[in-house]
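Notes follow once the structure below has been shown.
The values are calculated or read from the model by the stated rules, or taken from the named source; none is laboratory data. Note that the structure is predicted; figures quoted are calculated from it, not measured. Here Cβ is always computed from backbone atoms with ideal geometry, including for glycine, and neighbour counts include all displayed protein chains.
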C-alpha cells in the first residue's frame with residue numbers, strides 16, 4: 001500500500017451462494033489516475049464496482065478509500081465520501097428535466113431539510129450551466145430526461161457524475177450504443193477528467209480503451225489477470241488466451 | 001404535459017379563487033344541512049387523499065394502512081370532546097366507562113383535557129406513529145408489494161386492538177361526538193356543523209398548498225427519484241430512508257387531521273375507520289383522480305364519495321359494482337387518472353381518434369412523450 005493511493009482493494013472475495021464472482025482480487029489506484037478495466041463477460045467487472053460502491057458486501061477482503069475502509073458502509077455514505085458511479089445502461093430520472101437531474105447531483109448538503117427549505121445556490125446553478133455546455137445539452141434544459149436520445153442520456157448521466165464532484169469516478173460502459181463520433185467525444189471527456197479526478201472505466205470496446213491511452217487491468221474469473229499499458233497486455237499470452245484471442249473489430 | 005405547463009392568466013386564477021371562496025362561504029345557505037354535512041365530510045376525506053398522493057403518487061409507496069392514522073386523529077378529537085363534556089357523569093369521566101365498571105380514568109386520557117394538547121395531538125400523534133412504522137420498514141428496505149402488505153397487516157393489528165379495548169376506548173362501539181359540547185355548543189348542532197364545514201374547507205386549501213410546497217423543487221424531485229429509481233438516489237449520496245420516513249410521516253399527519261374533521265362531522269369515531277376496504281378506497285380516490293397531481297386527489301375523494309352517496313340513495317347495493325368498475329376503467333384506460341389524462345393531452349388524442357381534430361403534422365415539441373398512441 002502506498003500513501004499516494006486513492007483506492008486499494010485487498011484480497012476481495014465475493015461469493016454468491018458458492019459461486020465466486022470475485023476471487024482474491026487486488027487492485028490499487030493512484031490519485032488522478034485513469035484506469036481501464038476489461039474482461040470477458042462474467043469476469044466480475046460489475047461486481048467489482050458493486051463492492052466499491054457498497055451495493056455488494058465482500059465475503060472477504062478490504063476496500064480502503066482515502067485511508068478509510070468502505071466495507072459495511074451504506075451506499076449513500078460511500079457516495080458522500082467521494083465515490084461516484086455511472087451505470088451500464090443510462091440511469092437517469094426520466095420523469096425529471098435535464099436541469100432537475102443535474103440539480104439532484106450537484107446539491108449539497110444532501111439533507112432533506114436543506115432541500116425543502118433553501119433554493120439552490122448560485123454557484124451550483126453555474127456549475128449546472130457549465131456541465132450542460134460540456135455535454136451539449138444546453139438546449140435541452142427543460143426537456144424531460146426521458147425524451148433524450150440514448151447518447152444524450154449517457155452524457156447526461158456522465159454530467160451528473162461529474163456534478164457530484166467525486167474523487168473517484170466509476171464509469172461502467174459509457175459508450176455502449178453510442179455512435180463513433182460520440183464515442184470519441186466521450187473518450188476525450190473522460191481523459192480530460194482524469195488528473196483532477198481518478199477515473200475507472202469499464203468497457204468492452206477495444207478501440208475506445210485504446211483511445212483512453214491509460215493503464216489497463218484485465219479481469220478474468222474474478223481476479224486480475226494482468227495489468228499494464230495496452231501494448232503490454234496485448235502481448236501477454238494469458239490475456240490473448242482468454243480475451244484477445246479472437247480478432248477484434 | 002402541454003396543458004399543465006400553460007401559465008394561466010392571472011385574472012383567470014384570481015376569478016377562480018373568488019368564485020371558490022364565495023361558494024365556500026355561501027354553501028351553508030345553498031345546501032340543505034344534510035348535503036352540507038356530507039360535503040364537509042367528503043372534503044375532510046380529501047385531506048387524507050392528499051397524503052396518499054404524496055406517498056404513492058410522488059414517492060411510489062402504496063400504503064394500504066392510512067386508516068390507522070386517520071382513526072388516530074379521530075380518536076384524539078373524540079377523546080377531547082368526551083372528556084370535556086363529562087362533568088355530569090359519574091366520577092366525572094365519560095359515560096361509557098360506567099358500562100364496564102371503570103371508575104378511574106385511564107392515564108392516557110388525562111392530557112386530552114387540554115385543548116392545546118389535543119390541537120397538536122391530532123396531527124403529531126399520527127405523524128409520529130407513521131414515522132416510527134415507516135422508519136422501521138424503510139430501514140429494512142422493504143418496498144413494493146411487501147410494503148403494501150405490511151401496512152395492511154399493521155392496519156389489522158390496530159383494528160383488532162382498538163376493537164378489543166372496551167375499558168379504555170369503548171372498543172367496537174367507538175366514541176360518540178355529536179352529543180358532546182364544544183365552547184358551550186352541541187357538536188352535532190347545525191351552527192357547529194356549519195363552522196366545521198368552513199374549517200374543513202379552509203384546511204383542505206391549506207393542506208393543498210402545503211402539499212404543493214412539499215413537492216415543489218428539489219425535495220419533490222428526490223421523491224420522484226425514489227419512486228422511479230431508488231438505488232440511483234442512493235448512489236448520488238442521498239439517504240432514501242430519511243426522505244421516505246419524512247413523507248410517510250407527513251401523510252400520517254394529514255390523515256390525522258382528516259380523521260379528526262371527519263369524526264366531528266359524522267358524529268362518531270370507531271374502529272370501523274380502520275377496516276381494510278376503507279383504506280383501499282382512499283387509494284382508489286387518488287387513482288381515479290390522478291396520481292401525482294394533488295388536485296386530482298382532492299377531486300377524486302370528493303366526487304367519488306358524493307357519487308357513492310347519490311348512487312346508494314337511488315340504487316342501494318349497486319355502488320360496490322360501480323366503484324369496482326371505475327377502478328378497472330382507470331387501471332386499463334386511464335392509468336394516469338382523470339386529471340392526469342386531461343393534463344397529458346388525452347382529450348386532444350381522443351378528438352383526433354374520432355377525426356374531430358386535425359393531427360399535428362410534426363411533433364408538437366420533442367418533450368411530449370406520447371403514451372396514448374397517435375401512431376396510426
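One table, with the values for the structure above:
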read-out	value
Hits in the stretch B:219-239 - residues which are within 7 Å of another protein chain (Cβ to nearest Cβ), touching a residue at least 60 places away in the same chain (Cβ under 8 Å) and within 22 Å of residue A:118 (Cβ to Cβ)	B:224
Failed condition for residue B:213, given (1) touching a residue at least 24 places away in the same chain (Cβ under 8 Å); (2) within 14 Å of chain A (Cβ to nearest Cβ); (3) surrounded by fewer than 20 Cβ atoms within 10 Å (Cβ to Cβ)	(1)
One residue from B:248, B:243, B:235, B:196 being surrounded by 17 or more Cβ atoms within 10 Å (Cβ to Cβ) and under 14 Å from the mean Cα position of the chain (by Cα)	B:248
Which numbered condition residue B:79 misses (of (1) modelled with pLDDT under 90; (2) part of a helix (DSSP H, G or I); (3) closer than 26 Å to residue B:185 by Cβ)	(1)
Residue among B:279, B:249, B:312, B:258 that is free of Cβ contacts under 8 Å to residues at least 60 places away in the same chain and in a helix (DSSP H, G or I)	B:312
Single residue of B:250, B:242 found to be within 10 Å of another protein chain (Cβ to nearest Cβ) and closer than 28 Å to residue B:70 by Cα	B:242
Filter result (buried (at least 22 other Cβ atoms within 10 Å of the Cβ), out of contact with any strand residue (DSSP E or B) (no Cβ under 7 Å at 6 or more places or on another chain) and within 14 Å of chain B (Cβ to nearest Cβ)) within the stretch A:154-180	A:156, A:159, A:160, A:162, A:163
Condition check for residue A:222: buried (at least 16 other Cβ atoms within 10 Å of the Cβ), at positive phi and modelled with pLDDT of 85 or more	yes
Hey, residue A:141 within 13 Å of chain B (Cβ to nearest Cβ), modelled with pLDDT under 90 and either touching a strand residue (DSSP E or B) at 6+ places or on another chain (Cβ under 7 Å) or under 27 Å from residue B:243 (Cβ atoms) (or both) or not	yes
Flag for residue A:51 being part of a helix (DSSP H, G or I), in contact (Cβ under 8 Å) with a residue 24 or more places away in the chain and in contact with a strand residue (DSSP E or B) (Cβ under 9 Å, 6 or more places away or on another chain)	yes
Number of the condition not met by residue A:32 [criteria: (1) assigned to a loop (DSSP other than H, G, I, E, B); (2) exposed (fewer than 14 other Cβ atoms within 10 Å of the Cβ); (3) away from every other protein chain (no Cβ under 14 Å)]	(2)
Conditions (1) within 14 Å of chain B (Cβ to nearest Cβ); (2) in contact with a helix residue (DSSP H, G or I) (Cβ under 8 Å, 6 or more places away or on another chain); (3) crowded, with 17+ Cβ neighbours inside 10 Å: number failed by residue A:55	(3)
Scope the stretch A:60-97; condition in a strand (DSSP E or B) and more than 11 Å from every other protein chain (Cβ to nearest Cβ); matching residues	A:60, A:61, A:62, A:63, A:64, A:65, A:68, A:69
Residue that is farthest from residue A:134 (Cα to Cα), among those in the stretch A:149-169 that are assigned to a loop (DSSP other than H, G, I, E, B) and out of contact with any helix residue (DSSP H, G or I) (no Cβ under 6 Å at 6 or more places or on another chain)	A:167
Subset of the stretch A:72-87 that is buried (at least 18 other Cβ atoms within 10 Å of the Cβ) and without any contact (Cβ under 8 Å) to a residue 24 or more places away in the chain - its residue that is farthest from residue A:168 (Cα to Cα)	A:73
Criterion (surrounded by fewer than 22 Cβ atoms within 10 Å (Cβ to Cβ), away from chain B (no Cβ under 11 Å) and assigned to a helix (DSSP H, G or I)) met by exactly one of A:136, A:126, A:114	A:126
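Results for (1) under 26 Å from residue B:254 (Cα atoms); (2) surrounded by fewer than 22 Cβ atoms within 10 Å (Cβ to Cβ), shown as yes or no for each residue.
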residue	(1), (2)
B:10	no, yes
B:16	yes, yes
B:28	yes, yes
B:35	yes, yes
B:38	yes, yes
B:45	yes, no
B:57	yes, no
B:92	no, yes
B:97	no, no
